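Quick notes on the structure that follows.
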Amino acid sequence: MPKPNTPKILNSQVSFSRRRHLKTTAKALGLVLLLGELDLAWGAKILGVRVWPSEDYTRITLESDTPLPITQQILTNPDRLVVDVQGLELNPTLKDLVAKVKPNDPYVSQIRVGQFQPGIVRLVFDLKEPIKPQLFTLDPVGEYNYRMVFDLYPSTPPDPLMELVKNSARKETALAKSNEEVDLIAQFATKKDKEVAKAPSGPVAQAIPETKEAAAPAKYKRLITIAIDPGHGGEDPGAIGSLGSKEKHVVLSIAKRLRDKIENESYMRPFLTRDGDYFVPLHTRVQKARRVEADLFVSIHADAFIQPHAKGASVFALSQMGASSTMARWMANKENASDLIGGINIKVQDRQVANLLLDMSTTAQIKDSLQVGNSVLKQIGGFAPLHKGKVEQAGFAVLKAPDVPSILVETAFISNPQEESKLNDDGYQDRIADAILKGIKDYFAKNPPVARRGNA
């Protein structure tokens, strides 16, 4: 009979519909559990927080999976920067920011983090002095996701030249005194020579004692300033070896060794473009060298190549006519991309000034750079394998100071496991620093620096 069977069919349809609804609900619930309460509510996740203090500025970075809108205000008495980050709930990663501020930070005394409103986290930067903040966002690049960057610059930036002169005042005094003594000896010797010329000849002349040879004039009338530029730093780790070594750490160690050796030279003084783990834009490195009136700019690197067996040290100078080899071009492009990884504020970058600086490089600068580069390469080749037996050339942005001879030294390939081990060896680092210094001394012995007004 058809009638009794009808309810059974309907019940079956209802049962199927209910099962499908329950399955859909379970999937939705599982999705909620998978996303997590924070991501479901606001859709943003903080992946990391970092603080990079330096004498130039302090950088604070928030890395997230999506861009984060912010508002800011500067308050005084006491000085502090207040930043509200929208689309976030307070979590342990953000709380970690508090502990990352070190006592020796020049500009930030502490950071306070709290939930200001639902979906808005407030950051309060308590400051040690007035600042000029630059806040900007960076799109994903390399291994980084979206980054919110807080660059806290002092209202009155330090003068690197004044600091350099202050630190080398004792050397300046000693060199000036040495020059005065040499001048007096030269004058005395000249006077004696004239007396001897007027003296009678023959047997009587033999009774006149011979004057001692005059001391040689001072080789240098002023201190020679060497700008040492450890590549990368801070947000930009540079190349990373298979053992985990980071280029930024290796080259800073070599640069400090070179600085100490130059400091021991009575007629030289060193200047580091960075002396810690922080990021310095390429154009700023060039500007720093020019501000301290450097006689030479030496950028130190330990790069990687696509092939792990690439090996040997190299020295590069600037080229305005194209790269001298495919590898030179590849390396220049890679190094010039450091600003993208390290992160610069494009909005406040004076592109006109930067482009002018990069276009002013002269033939004379390149000629001098090739000479000093050859001197350094010769010294390195005395104990280490070379990738090329001559100085290579390419359009490295960091070598484009128009009036300062500039070279870039690739100390070895950190992408080569054997050379990575050497780069972490104290002995090898010391020999590299020694070779660079010997090359510099050899260059200036043949090309003494010109005098400057004030001998600054």
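The values are calculated or read from the model by the stated rules, or taken from the named source; none is laboratory data. Quick caveat, the model's predicted, so the values are computed rather than measured. Note: ideal-geometry Cβ built from the backbone for every residue, glycine included; neighbour counts use all protein chains shown. All accessible areas refer to the heavy atoms of the entire protein, side chains included, with ligands and DNA or RNA removed. Shrake-Rupley method; radii C 1.70, N 1.55, O 1.52, S 1.80 Å.
Suppose all protein chains stay in the model; what accessible area per residue would a 1.4 Å probe give for the stretch 390-456, in Å²? Mind showing how you got there, number by number?
Numbers: 2650 Å² over 67 residues.
Computed with neighbouring chains in place, this is 40 Å² per residue.
Just subtract the alpha-carbon distance of Lys378 and Arg290 from 0.36 nm times their residue separation and send over the number in nm, one decimal. Working shown, then result.
Values: separation 88, 0.36 × 88 = 31.68 nm, distance 2.68 nm.
Extra length available between Lys378 and Arg290 comes to 29.0 nm.
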**Fill in**
Ignoring ligands and nucleic acids, Trp330 exposes an accessible area, probe 1.4 Å, in Å² to the nearest 10, of 80 Å²
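Once you have the Kirkwood Rh of the stretch 403-456 from its Cα pairs, apply Stokes-Einstein at 20 °C and 1.002 mPa s and quote D in µm²/s. Present the calculation step by step, with values, prior to reporting the outcome.
Numbers: Rh = 13.7 Å.
Rounded to a whole number, D works out at 156 µm²/s.
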**Asked** Excluding ligands and nucleic acids, what accessible area in Å² is computed for Ser253 using a 1.4 Å probe, to the nearest 10?
**Response** 40 Å²
**Request:** About the Cα centre of the stretch 385-449, how large is the charge dipole given +1 on each Lys and Arg Cβ and -1 on each Asp and Glu Cβ? Please answer in debye to the nearest 20.
**Result:** 340 debye
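Run the numbers on the stretch 113-185 and let me know its relative contact order in percent, using alpha-carbon pairs under 8 Å that are six or more apart. Provide the component values of the computation, followed by the final result.
On the way: 50 pairs, mean separation 14.0, N = 73.
This gives 19 percent for the stretch 113-185.
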**Fill in**
Length gained, Gln307-Asp126, 0.36 nm per residue minus C-alpha separation, equals 60.4 nm
**Asked** What is the stretch 370-456's relative contact order, in percent, from Cα pairs under 8 angstrom and six or more apart in sequence?
**Response** 42 percent
**Message:** So for the stretch 245-398, averaging the separation of alpha carbon pairs under 8 Å that are six or more residues apart and normalising by length, what relative contact order in percent results?
**Reply:** 37 percent
**Message:** Sort 412-420, 87-95 by packing, meaning the average of other beta carbons within 10 Å per residue, with the highest value first.
**Reply:** 412-420, 87-95
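Let a ≥ b ≥ c be the square roots of the eigenvalues of the Cα gyration tensor of the stretch 69-127; is it rounded (a/c under 1.5), or, if not, prolate (a/b larger than b/c) or oblate? Could the numbers behind the result be given before it?
Numbers: a/c = 2.72, a/b = 1.33, b/c = 2.05.
Note, shape of the stretch 69-127 comes out oblate.
Starting from the alpha-carbon convex hull of the stretch 229-388, give the projected area averaged over all orientations, in nm². Could you put the intermediate results ahead of the total?
Working: hull surface 41.9 nm².
The directionally averaged projection comes out at 10.5 nm².
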